[in-house]
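For reference, the structure discussed in these notes is given below.
The values are calculated or read from the model by the stated rules, or taken from the named source; none is laboratory data. Keep in mind that what you see is a predicted model, and the values were worked out from it rather than measured. Cβ sites come from the backbone with ideal geometry, for glycine too, and all protein chains shown count toward neighbours.
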Amino acid sequence: MSGWIQFLLDFVWLSAGLALVAFSLGLILGELKIVNIAQGDLMMVGAYSMYAMRDLPFLVALGATCIVGLLLGFVLERGVLRWVYDKGFMATLLATWGVGIVLEQGVATLFTVSQKGIDAPLKGLIEIGDVVYPTYRVAVTAGIVVLLALLLLLVYRTSIGLRLRASIDNVEMASVLGISPQRTFAMVFSVATALAVLAGALIAPTIAINPTLGLSFLAPAFFAVLISKPGSLAGPVVGAVAVEFTFTLLQAYFNITIAESVLFGLLALFIVLKPQGISWSWKPAREETS
Amino acid sequence: MVPAASSIIGFILFAAAGLCPLFLSEFKVGLIGLGLTYGLFAIGLDLAWGRTGIVSIGQAVFFGLGTYGVAIALVRHGSAPFGAAIGIALAGILGAFIAAVGLRRVSNPSTMAVLTLATTLLAEKVARDWWSLTNGSSGLYVPPLTSTYFYYYVCFVATTGVVGLLWFFVLRRPLGNRLTAIRLNDRRAEHLGIPIFRERVVAFTLSAMVSAIAGCLSAPWMSSVSPDRVGILLSTQVLVWVAVGGRATLLGPFVGAVALTYGQDVLASSMGESYLLLLGVLFILSVLLIPNGIAGLFFTGPQLTDTTPVGGTLPPRPPLAGGDVLAAEAIVKRFAGNTVLDGVDLRIKPREIVCLIGPNGAGKTTLINVLSGAIDCDSGSVTLRGEHIERTPPDRRVAAGLARTFQVPSLFPGLTVAEHLILARQEAGMATPLPEAYARLEREHAGLRVEMLSLSDRRSLEIAMALCSRPDVLLLDEPAAGLARNDAGALAKTLRALRDHAGCAIVCVEHDMEIVRDLADRVVCLHHGRVISEGTMDHVSANAEVRRAYLGLV
Amino acid sequence: MLFTANDVGGGYGAIHIVKDISFELGAGETLAVLGRNGVGKTTLLRTLVGLADRFTGEVKVDGEPLPARSPRALAQLGITYVPDDRGVFPRLTVAENIELARLSAYRKNERDVYALFPDLAHRTAQPAGTLSGGQQQQLAIARALATEPRLLIIDELSQGLQPSIVQALAEALVNVTRDGGLALILVDQNPNLAMRICERVMVMQRGEVVAAGASATLGADERFLDLLIV
Amino acid sequence: MTERNGVRSGISRRSFGRIAAGLAGAAALGGTANLVGSRPSFASFKGSRPYKIGFVAPLTGPVAPEGSSMQKGFNLGLETINAAGGIAGHPVVAVTQDTQAVPAVAGTVVKKFIQEEKVDMIVGTITGDEEEVASKICAAAGIPVLFPEAGFWYKFCNSTTVMLGENSFDLCAPLVPFMAEKFGKKFLLIGSDFSFPHAYLAVAKHYISQIGGTVVGEFYAPLGTADWSSNIAKIKSAKPDVIFSGVVGGDAIGFVKQAQSLGLLPGAHLTGVNLQPEFYPAMGDAVDGQYAAVRYSEDIKTAANEKFKEAYHKKYGPAPIPLVGTTAFYSFDFIKAAVEKAGTYDPKAVFAAFKGVEAETILSDKPLRVDPNTMNIGYPMYITQIQKGGLYKIVKDVGLVKNDLKCEGA
């Protein structure tokens, strides 16, 4: 019984963080049609931002970190990404890979490579059944769930979200209706960056902070986006839950390495079975007719 | 001349690589030796990515199979060549498997990216966990070389040998041309008769094996063969080497690999930890500023080898006893619930010119696509010379005698007129002489890239390419669209002359009724996916239903 | 003058497809662009709205010249384009497609577009990608009307539509142009339909204008009709 | 420079500016030292140039924190020895390069240092993987190599390796009985999934079985594990008396922080290599009161240690001194002792001189000795308890750990 409660709690906590990252990754992929290899490094920047502001009240630091994320996203989009949109899939892949290296090494130079850690603002434990679980995790999970719910509401129930989804569907037609692609790209990348940075900031108190911490989040986030429908924004959230459920379940029975291998194997199988079900660059199908 | 300059640079670098042991220290020779094997590794990747346009972000898996093959053999006091052979064979099998899964016609190009990424991540874990074979994360220690200089020359000769073999037996052969064609325009390649799935799988398998050979050669340079040799970091590094060095060139991958291997050592020793920051910045700049890499700055020469066959090697198709050369029956095609073709019948006699007309949305292009195999019909049959071809892939239909052009001329960007015809003749297997109208294009604009051609010349080139395969049926989709008045006026005459010269039937979608009147032996009018009238131009244009369809009298 | 094209030439990449097209359109005026397939009608429209490359000439709205690539600028000036592939947002519902247009409306208005297209009214929650071609076209027109444009540019109004729907669309357009003061540039395969909706006609051949005039005059001219038919 | 290792090329003389600059800088340092200290006389010493050391460490990549900790200690040691007159009156110079924690890169760098830089000795590297390669290359070249952190003593037998770090036997032998006596005999082992933790925990198991204890669980997680909750849940359900951890690097911090947030700590008893002093600021108060076996603590009260602590904190700030940094620092004491004992820079002679050499260090008032049999240093070990603020307070002086380790065939 307690095993199942523990499993559920872990699963919910892990999926929440992954869902936020996957949502942001899916947003970038959907709107800008690029695969952002630097996503994990954006999380890392969030964690370091929290470390740099560890003496400020937690929520103040969190707010400031979000602003850092927005600015960083804006600078990256205007400075790097917009030059590679029309250079093809590999060019965007390579460019974001370069951005990742620069972020990692920039942080290493600024903060040195030594491990950092910050304290969680909430230190208590909550008892659920006969399982005790940290209050901070429960609070962050709840916070992320609320945030994701708000984001999905924003995307599916507001005019901003409507414009965004229209732009993802058909960027040319959206421009005919007055939605500027350049502005949308810059805005989307800034917001997506801020979300990844925020995810990093929120998990920062539970992990060791170092310049390469983002690596371990990248692959599962990609899997989450890949198994969801291309271009969908709710999809990656669902994908994250599915990936994390599978992974947590596998981990309960195998050691982590075997669990990860099985997860990779399942992904490969998925590709074989649904070759068109996964796509990193989505374009609406247009058939020629005379 | 630019190509000559690049050859000179190439020769100088080759000579420098050959002579460097004479005046460099042992360590530097070792570093360059490692750079050379990395260069071969990059050549392997380039075969898939640079030449054929297949995304691979897990190429280190193949390299690592070779490296581990040799290392395991050495550690167990076995025969290194035997280990190498196993590694290379495994790489080939794995490469073929991945390609067969990820490069199917229905697959997205990005599927390969996911598949190769997952493979490299998994391989790293396997190498870390299979202790008994790989010694886990510690890796396998490879004893140092007894003579760095000797081994350098072993590598130099082997690398030159592999590249030479690739050059003379793949790249300078029809296969190399085919890979370039697939990269530049896979749809056109397919409709030129190139079996794109097979050639992509071949290219990726070769790419895997070349990378594995590089891995075998590199093992003695490494001191230690550890799981990172199959991992994501090396996989992305090799992408950087190719991207910075220059894709689809022989020199580029070597320049990228040697320069960055050597440069990284220099930077690492001269500026400490921050060298990676500098590398990252340099890398972003190179992606933004020199998309064709360093070699791309110098090398702008021809991309294809002249493989034009001498004389006819293709046996002539047996003459058709009678009846129809091409017949479509009850073709139905729906897109997302919309019925675009609704039971179309079409029969084409040998040497007949049939024009397909009809208002927008009648399904004319869709019919051409179904006939040429670009899309499959939902039901109905297509027979060419009596053989059913409705499920035959486009490349085999070309071989069977069906060639086509596209509404927007579909050519190979960056290639010259001559290169287009080289490809077409290579696929045809013979050097068919062209009718005068097209031969003149070849004479006058041979060295011109297709971007420089007028629309009319592009259309002519596309038809010329189609003619090279000596088709029985030529499918033309709006050959006059966008042409200036005088070009269009001449078109009917040219096409009739072409039919007389080549002896093929022509099925032509056309809107310009002057041209149709001059050109067609028979006119078929489609409307809402059905044939509503067929016969002579006068017959069809007098048809009340046709007039209604065009004028929208409802 | 609401909309002016002076010697506009355009196409894609380095390819000129339309040449030296000039015309003027005042508020509430309607112009049909006719011509056989492939003469460059679609390219002309795309050049005018800034989706193709404009190489020569200029486009003015209210006498102000516009940059060559400016779909968004046009939208803000009350000019809405309906492409020949309809350009509906496939994953947005019918209601969302309309709502989006309202968001970027030139004038504030609550025109009941569903009244014009009852077929859409009971499909508001359906994703546009799952509509039939005819319904998508209705949606595209409805969406364009919802932006409350001063000038509507429609490519291939009747393509792939049932005659009854075409009739309804034509009536709706006639109403909004004659009574609502909406200017219209219409490309259609169906000359009769186009000439019924539009007062003026312009016929293109191979990228150039070969005939222009009032619908009533040209429509009675057999030689003119022959330019268009088979 | 001495001629060694075959061909010497023209280009190596025209080597990169950095080395020349380094030499000049070191000479200047040495010069200052000469003015300050009285130069001892080494009439019989064969050597007339600075002694050159190649320092290799993972300065980027996953174990960069340890690598840079070691680098800090090494650089301070280098300054200190030069300020005190260098080795046999000659200054010591060093070249440094990153290994990225990749064994193949480590191999390349070591080769380069030996062949290009003509170093007299190699010091550094952190992971066993890098060290194995470095040790084999150095053995082949006959160059002594010193590892401030070494877990695999037995892998380096019959080489030219000197292991300055304490080995797993030193660490486990005093700790296992101490913990068993204090908290109980049910041990749970958890480690990072690579060779060192496996070997380390195998040694722990050896001592656990010796005292009749039981192992109630043994888990390994790959390096870079971000989430420990499933492992922590498994630990909780196993209810061990002692958690013996071979989790290293950044993962050690993540493990402790999550163990704390999941309520495992501070209640449970955690020990092992997980508890490195330099991790204390990142781990926070999660490990207050836990016990660890160490060879060095800032709590060691010798005059040399006070001086070292002052210099270290002055140079690098108040953060706790990492163990591997102290080792790298006092490695110079052994290098000086061995080279001066050898009376020459000749690498083979220097390595031979390391056998049984004794040196005064910051660790103890008594000199420490390199065991000629295993080439390990015999360390007096301490059981320490972690105090609030990060001091490892000595609670038990174990003294020299006795073991009968032997290099086979040595």
Look through A:I144, A:I126 and report the one residue that is out of contact with any Cys (no Cβ under 8 Å at 6 or more places or on another chain), within 27 Å of D:A286 (Cβ to Cβ), among the hydrophobic types (A, V, I, L, M, F, W, C) and modelled with pLDDT of 90 or more. A:I144
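Being in a loop (DSSP other than H, G, I, E, B) and in contact with a strand residue (DSSP E or B) (Cβ under 7 Å, 6 or more places away or on another chain) is the filter here, so list the residues in region B:466-480 that pass it.
If the condition is that a residue be in a loop (DSSP other than H, G, I, E, B) and in contact with a strand residue (DSSP E or B) (Cβ under 7 Å, 6 or more places away or on another chain), then B:S469, B:P471, B:D472, B:E478, B:P479 are the ones that fit.
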If we ask which residues in region B:481-532 are under 18 Å from B:T366 (Cα atoms) and out of contact with any Lys or Arg (no Cβ under 6 Å at 6 or more places or on another chain), their number turns out to be 13
Residue that is hydrophobic (A, V, I, L, M, F, W, C), touching a Ser or Thr at 6+ places or on another chain (Cβ under 6 Å) and in the same structural domain as B:S372 (by TED's automatic domain parsing), where the choices are B:L475, B:L498, B:L491, B:L453: B:L475
Unmet criterion (only one of (1) more than 14 Å from chain D (Cβ to nearest Cβ); (2) more than 20 Å from the chain's Cα centre (by Cα)) for A:D55: (1)
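Residue by residue, here is whether (1) within 23 Å of A:Y85 (Cα to Cα); (2) touching a residue at least 12 places away in the same chain (Cβ under 8 Å); (3) away from chain D (no Cβ under 14 Å) holds:
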{"residue": "A:V107", "(1), (2), (3)": "no, yes, no"}
{"residue": "A:K123", "(1), (2), (3)": "no, yes, no"}
{"residue": "A:G143", "(1), (2), (3)": "no, yes, yes"}
{"residue": "A:L150", "(1), (2), (3)": "no, no, yes"}
Could we say that B:L122 is free of Cβ contacts under 8 Å to residues at least 24 places away in the same chain, more than 22 Å from A:F89 (Cα to Cα) and buried (at least 19 other Cβ atoms within 10 Å of the Cβ) here? yes
Is it the case, given these coordinates, that B:G386 is within 30 Å of C:A128 (Cβ to Cβ) and over 25 Å from the mean Cα position of the chain (by Cα)? no
Quick check: is even one residue across region B:243-253 within 10 Å of chain D (Cβ to nearest Cβ) and surrounded by fewer than 24 Cβ atoms within 10 Å (Cβ to Cβ)? no
Applying the selection to region D:374-394, what residues are within 18 Å of the chain's Cα centre (by Cα) and assigned to a loop (DSSP other than H, G, I, E, B)? D:T374, D:M375, D:G378, D:Y379
Restricting attention to region B:513-533, which residues are of a type in the set (D, E, K, R) and either within 11 Å of chain C (Cβ to nearest Cβ) or farther than 20 Å from B:T339 by Cβ (or both)? B:E514, B:R517, B:D518, B:D521, B:R522
Looking only at residues that are surrounded by 24 or more Cβ atoms within 10 Å (Cβ to Cβ) and either polar (S, T, N, Q) or not assigned by TED's automatic domain parsing to the domain that holds B:V524 (or both) in region B:347-371, which one is modelled with the lowest pLDDT? B:T366
Here the residues within region C:7-63 that are within 12 Å of another protein chain (Cβ to nearest Cβ), in a loop (DSSP other than H, G, I, E, B) and in contact with a strand residue (DSSP E or B) (Cβ under 6 Å, 6 or more places away or on another chain) are C:G35, C:V39, C:G40, C:A52
So in region A:226-248, with the set limited to residues that are part of a helix (DSSP H, G or I), more than 10 Å from every other protein chain (Cβ to nearest Cβ) and of a type in the set (A, V, I, L, M, F, W, C), which one is farthest from A:T193 (Cα to Cα)? A:F245
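Residue-wise test of (1) assigned to a helix (DSSP H, G or I); (2) closer than 26 Å to A:R157 by Cα; (3) more than 9 Å from every other protein chain (Cβ to nearest Cβ).
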position	(1), (2), (3)
C:A68	no, no, yes
C:R72	yes, yes, no
C:D85	no, no, no
C:R91	no, yes, no
C:A95	yes, yes, yes
C:E99	yes, yes, no
C:R111	no, yes, yes
Among the residues of region B:402-438, how many are surrounded by fewer than 21 Cβ atoms within 10 Å (Cβ to Cβ) and part of a loop (DSSP other than H, G, I, E, B)? 10
Does region B:255-263 include one or more residues that are more than 12 Å from chain D (Cβ to nearest Cβ) and among the aromatic types (F, W, Y)? no
By my count, helices (runs of 4 or more DSSP H) wholly in region B:20-117 with at least 1 residues that are within 17 Å of B:L133 (Cα to Cα) and free of Cβ contacts under 8 Å to residues at least 40 places away in the same chain are B:60-75, B:80-102
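Go through the residues of region B:171-178 one by one and say whether even a single one is surrounded by 24 or more Cβ atoms within 10 Å (Cβ to Cβ) and either assigned to a helix (DSSP H, G or I) or assigned by TED's automatic domain parsing to the domain that holds B:G373 (or both).
yes
Residue by residue, here is whether (1) touching a Leu at 6+ places or on another chain (Cβ under 7 Å); (2) part of a strand (DSSP E or B); (3) not assigned by TED's automatic domain parsing to the domain that holds B:P359 holds:
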residue	(1), (2), (3)
B:H511	no, no, no
B:V516	no, no, no
B:L526	yes, yes, no
B:E534	no, yes, no
B:D538	no, no, no
B:S541	no, no, no
B:E545	no, no, no
Those residues of region A:246-290 which are at pLDDT 80 or above, surrounded by 20 or more Cβ atoms within 10 Å (Cβ to Cβ) and hydroxyl-bearing (S, T, Y) amount to A:T248
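Given the condition within 11 Å of chain C (Cβ to nearest Cβ) and either closer than 22 Å to B:L371 by Cβ or touching a Phe, Trp or Tyr at 6+ places or on another chain (Cβ under 6 Å) (or both), answer yes or no: does some residue in region B:485-500 qualify?
For region B:485-500, residues within 11 Å of chain C (Cβ to nearest Cβ) and either closer than 22 Å to B:L371 by Cβ or touching a Phe, Trp or Tyr at 6+ places or on another chain (Cβ under 6 Å) (or both): absent.
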Looking across region C:84-103 at residues that are in contact with a strand residue (DSSP E or B) (Cβ under 6 Å, 6 or more places away or on another chain) and more than 22 Å from C:D155 (Cβ to Cβ), the single one that is surrounded by the most Cβ atoms within 10 Å (Cβ to Cβ) is C:R91
Grab the helices (runs of 4 or more DSSP H) fully contained in region C:155-220, keeping just those with 2 or more residues being of a type outside the set (V, I, T), closer than 25 Å to C:G133 by Cα and free of Cβ contacts under 8 Å to residues at least 40 places away in the same chain. C:163-174, C:191-197
Could you identify the single residue in B:L217, B:L184, B:L192 that is surrounded by 24 or more Cβ atoms within 10 Å (Cβ to Cβ), in contact (Cβ under 8 Å) with a residue 40 or more places away in the chain and under 25 Å from B:T392 (Cβ atoms)? B:L192
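Name the strands (runs of 3 or more DSSP E) wholly within region D:87-150 that hold at least 1 residues that are on the phi < 0 side of the Ramachandran plot and within 9 Å of another protein chain (Cβ to nearest Cβ)?
Counting at least 1 such residues, we get D:92-98.
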